[in-house]
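Contents: one structure, followed by commentary.
Bear in mind that the values in this text are calculations on the coordinates, not laboratory data. Quick caveat: nothing in here was measured; it's all calculated off a predicted structure. Ideal geometry is used to build each Cβ from the backbone, glycine not excepted, and the neighbour counts take in all protein chains shown.
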Amino acid sequence: MLAYRQAIHAHVCGRCLDSDGVGNCRIDPAQECTVQQHLPLIVEIVNSVESNSMNDYVRVLRNAVCARCSFQTVNGYCMARMNLDCALDRYLALVVGAISEVKEEEVKKGLSP
Ligand code: SF4
Ligand code: SF4
């Protein structure tokens, strides 16, 4: 998971509204970033999808991650998503890109099927 966390830091955090512009996270430590909080599941899901359409990633991530997230209500409503306060939702394309890059490197090195 370290390589994935490093890729998120390199490709997402530096561009995140909640960073200081060079990738240092400024959110309240009591309020964990949704990308960091759910990263193992996000990695598993992104690596299981093969699609050129971001909509396919959105659909599976909402089904799996949002369904387990404490911010989402039982009827599927998420105030953080509505207010653009969720880093995963805001930077989904960057997150998918960062994860896919690590996976490609692992495949090249023979570390992943
Ligand atoms: S909120 Fe998440 S994505 Fe944004 S800087 Fe913090 S750790 Fe990175
Ligand atoms: S969009 Fe809402 S429910 Fe989904 S991960 Fe973000 S905060 Fe959680």
What number, in percent, do you get for the relative contact order of the chain if the mean sequence gap of Cα pairs under 8 Å and at least 6 apart is divided by its residue count?
-> 31
By the mean-Cβ-within-10 Å protection proxy, highest first, 48-60, 95-107 rank as 95-107, 48-60
Of T34, Y4, L84, which is farthest along the charge dipole of region 2-108 in the positive direction, counting Lys and Arg as +1 and Asp and Glu as -1 at C-beta?
-> L84
Dipole size in debye (nearest 20) for region 2-108 around its Cα centre, Lys and Arg Cβ +1, Asp and Glu Cβ -1?
-> 200
Per residue, what volume in Å³ does the convex hull of the Cα atoms of the chain enclose?
-> 105
If R0 is 22 Å, what FRET efficiency do you get for R68 and K109 from their C-beta distance, rounded to 0.05?
-> 0.10
Within region 84-113, whose backbone N sits under 12 Å from a point 7 Å along Cα→Cβ of D18?
-> 84-91
